[in-house]
Amino acid sequence: MRRLALLTLVSGLLACGADNNNGGPGAADPATGPTDPGTNPPPSNPGTDPGTNPGNPPTTPDDAGPSIPFPGVVDAGGGGGTNPGTSGVGSACPCTGGLLCLQDDTETYCSKNCSADSECPGGFYCAELQGGGGACAKGSGTTPPPPTGDGGTTPGGGAMGTSCAGGSRCATSLLCLNDSDRGEQYCTKRCTADADCRTTTDPNWECVQLQGGGGACSKTDPATPFDSGRDCARPPNTTGAYCSAVLAFPNPATDDGYRVAHERRYSYLRRDNIMLVRYAAKAVLTKYAGTPALDLMDMTQADGNVPGTDVGSLRHPAGTHEDGNDIDIAYYHDSWVLGGRTIGENRGGEVCQNNGSFCTANSTVLQAEKTAYFVSKLFESSLIRVIGFDTKLVAPIRAAALTLYNAGQMSQTVYNKFQSKMASGSGWPFHHHHMHVSLNAGLQKPGFSDDGLGFEVQGCGFDLRGLPTPRVFFEIRRIAR
């Protein structure tokens, strides 16, 4: 079956900022004491940027999970996407005459409800909608229906990796995957782990979570050759920016221990920062063999601007996530189900029951030791200015760090940074699904106070509930006739 979507409105933006009443990273957390080495207060007017959230946390519980639409979400009109008038099937949205605005792969057009191909005009067939029911979609109605229970596949269809756009079918045992990150639809197979997808001759696949449940193999780019090691050093006889150059975060090899989870256009970082994060992720995988890849989330645009600048809607306030100095990184955690959603191991999802801004209970899925070990590897570098966490995650991470320190797994200097460079509290909302790593390397930004290290003092994060999942995968099925 091919499954399409009616267009609906996405509300809410990424939000980031500090709380006016209780201070930012420089403020003391009642549970943990001072949480940031910074000495200056946070900006006095948080939440004024068009891409931010007001300082007060949302009150709507997040237990039901975020409202994550399918790709291409825009409202085509009232009444469930319909509008009275006279437009025809296949015409451009907005629609009139009681027609629907339909998202079909990468295009949108007006359509109408149907239950069989015969109800659609020539050049259209009846396709299943994500929310149930059918609508007329562009394509041929001559392909026979799929065998019952085979997930929309049929003998003689496309092989793994071949296109299944425009109503094309996949071979038996395969499914048609919509990969929003690539803007492609291609044949693939179901999976539970990356190893199910990769072969020695074709390793560029990973297992991703489908919106409807279960997993499917998704294409990945080949690993990018990159400098190894923790610290950046300029090669002899080079000129211009080198360690400070803002680069696309390299595609990982299977043994690098990370996954670039957000849009590529927002996944740029300074070379020295890239090296440090790669070093830490690799260290975790080396110590804890078999650990699934850790999600790396928002970084910086290619031009050094805040993610979202390119579309005029900032995902973080000006002064953070600029010039390749900041990166949001998932926690190491178990796979679990929250509000009916399965959050895969080490994916950038919530790790606790929460109110949309902060954890409201201690996490039962946080892998504190792995997270502490990863953070310790970051703390080995003098580049780290501060790392922001949700308050309820600080104590278990610090306790795990003490255990590792007593076992000789980190130095006294590194262990001390778990007290001096871990930030939390009311000025750091939206860190129940990621840690925010901020580095000293950046230049001071206008409008932000200098904490003595040349970088702004501010909490930063984003609200998953208002963000369509950057990489959306769902199975495309064709309606049986």
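The values are calculated or read from the model by the stated rules, or taken from the named source; none is laboratory data. All of these numbers come straight from a predicted model, not from anything done at the bench. Here the Cβ is made from the backbone with ideal geometry for all residues, glycine too, and neighbour counts use every protein chain on show.
One residue is enough: does the range 363-371 have a residue meeting the conditions crowded, with 24+ Cβ neighbours inside 10 Å, in a loop (DSSP other than H, G, I, E, B) and touching a residue at least 24 places away in the same chain (Cβ under 8 Å)? Break it down into steps so the answer makes sense when it comes.
Step one: filter the range 363-371 for residues crowded, with 24+ Cβ neighbours inside 10 Å, giving 371.
Of the ones still in play, those that are also in a loop (DSSP other than H, G, I, E, B) are none.
No, every residue in the range 363-371 fails to be crowded, with 24+ Cβ neighbours inside 10 Å, in a loop (DSSP other than H, G, I, E, B) and touching a residue at least 24 places away in the same chain (Cβ under 8 Å).
Given the condition in contact with a Phe, Trp or Tyr (Cβ under 9 Å, 6 or more places away or on another chain), at pLDDT below 95, farther than 23 Å from residue 346 by Cα and not small (Gly, Ala, Ser), answer yes or no: does some residue in the range 384-398 qualify?
yes
From the residues in the range 383-399 that are in contact with a strand residue (DSSP E or B) (Cβ under 8 Å, 6 or more places away or on another chain) and among the aliphatic types (A, V, I, L, M), which one is surrounded by the most Cβ atoms within 10 Å (Cβ to Cβ)? Explain how you work it out, then say what you get.
First, pick out the residues of the range 383-399 that are in contact with a strand residue (DSSP E or B) (Cβ under 8 Å, 6 or more places away or on another chain): 383-394, 396-398.
This time we only want the ones that are among the aliphatic types (A, V, I, L, M), so: 383-384, 386-387, 393-394, 397.
Working: 383: 22, 384: 19, 386: 27, 387: 24, 393: 24, 394: 19, 397: 23.
Out of the qualifying residues, it is 386.
Please list, ordered by residue number, the strands (runs of 3 or more DSSP E) wholly in the range 215-296 having 1 or more residues that are under 30 Å from residue 173 (Cα atoms). Working first, answer last.
Numbers: elements: 215-219, 246-248, 258-260, 268-270, 294-296.
Those strands (runs of 3 or more DSSP E) span 215-219, 258-260, 294-296.
Consider only pairs whose beta carbons are under 7 Å apart and that are at least six residues apart or on different chains; among these, list those whose first residue lies in the range 278-294 and is surrounded by fewer than 19 Cβ atoms within 10 Å (Cβ to Cβ) and whose second residue is aliphatic (A, V, I, L, M) and part of a helix (DSSP H, G or I).
291/284; 291/285
The rows are residues; the columns are (1) crowded, with 24+ Cβ neighbours inside 10 Å; (2) without any contact (Cβ under 8 Å) to a residue 24 or more places away in the chain; (3) within 19 Å of residue 274 (Cα to Cα).
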{"residue": "305", "(1), (2), (3)": "no, yes, yes"}
{"residue": "320", "(1), (2), (3)": "yes, no, yes"}
{"residue": "336", "(1), (2), (3)": "no, no, no"}
{"residue": "350", "(1), (2), (3)": "yes, no, no"}
{"residue": "355", "(1), (2), (3)": "no, no, no"}
{"residue": "381", "(1), (2), (3)": "no, no, yes"}
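Which is in the same structural domain as residue 170 (by TED's automatic domain parsing), β-branched (Val, Ile, Thr) and modelled with pLDDT of 85 or more, of 188, 286, 291, 200? Walk me through it before giving the result.
Details: 286 fails: in the same structural domain as residue 170 (by TED's automatic domain parsing); 291 fails: in the same structural domain as residue 170 (by TED's automatic domain parsing); 200 fails: modelled with pLDDT of 85 or more.
It is 188.
Would you tally the residues in the range 190-220 being farther than 17 Å from residue 177 by Cα and either loosely packed, with under 14 Cβ neighbours inside 10 Å or touching a His at 6+ places or on another chain (Cβ under 6 Å) (or both)?
Qualifying residue count, the range 190-220: 5.
Taking the condition closer than 14 Å to residue 244 by Cα and either in contact (Cβ under 8 Å) with a residue 12 or more places away in the chain or touching a Gly at 6+ places or on another chain (Cβ under 9 Å) (or both), does residue 275 pass? Outline the logic, then answer.
Numbers: closer than 14 Å to residue 244 by Cα: yes; either in contact (Cβ under 8 Å) with a residue 12 or more places away in the chain or touching a Gly at 6+ places or on another chain (Cβ under 9 Å) (or both): yes.
So residue 275 fits the description; yes.
Test residue 294 against the stated conditions and say whether it is of a type outside the set (Gly, Ala, Ser) and out of contact with any helix residue (DSSP H, G or I) (no Cβ under 6 Å at 6 or more places or on another chain). Write out each step before concluding.
Numbers: of a type outside the set (Gly, Ala, Ser): yes; out of contact with any helix residue (DSSP H, G or I) (no Cβ under 6 Å at 6 or more places or on another chain): no.
Here the answer is no, as residue 294 does not meet what is asked.
Taking the stated definitions as given, is residue 410 buried (at least 24 other Cβ atoms within 10 Å of the Cβ) and at pLDDT 95 or above?
On the way: buried (at least 24 other Cβ atoms within 10 Å of the Cβ): no; at pLDDT 95 or above: yes.
No.
So, residue 156, is that one modelled with pLDDT under 50, out of contact with any strand residue (DSSP E or B) (no Cβ under 6 Å at 6 or more places or on another chain) and loosely packed, with under 15 Cβ neighbours inside 10 Å or not?
Details: modelled with pLDDT under 50: no; out of contact with any strand residue (DSSP E or B) (no Cβ under 6 Å at 6 or more places or on another chain): yes; loosely packed, with under 15 Cβ neighbours inside 10 Å: yes.
So residue 156 does not fit the description; no.
Could you list, in sequence order, all residues of the range 69-116 that are at pLDDT 70 or above and of a type in the set (A, V, I, L, M, F, W, C)?
So in the range 69-116, the residues at pLDDT 70 or above come out as 87-103, 107-116.
Result: 89, 92, 93, 95, 99, 100, 101, 102, 110, 114, 116.
With the structure loaded, tell me whether residue 142 is in a strand (DSSP E or B) and modelled with pLDDT under 85 or whether it fails that test. Break it down stepwise before answering.
On the way: in a strand (DSSP E or B): no; modelled with pLDDT under 85: yes.
The answer is no for residue 142.
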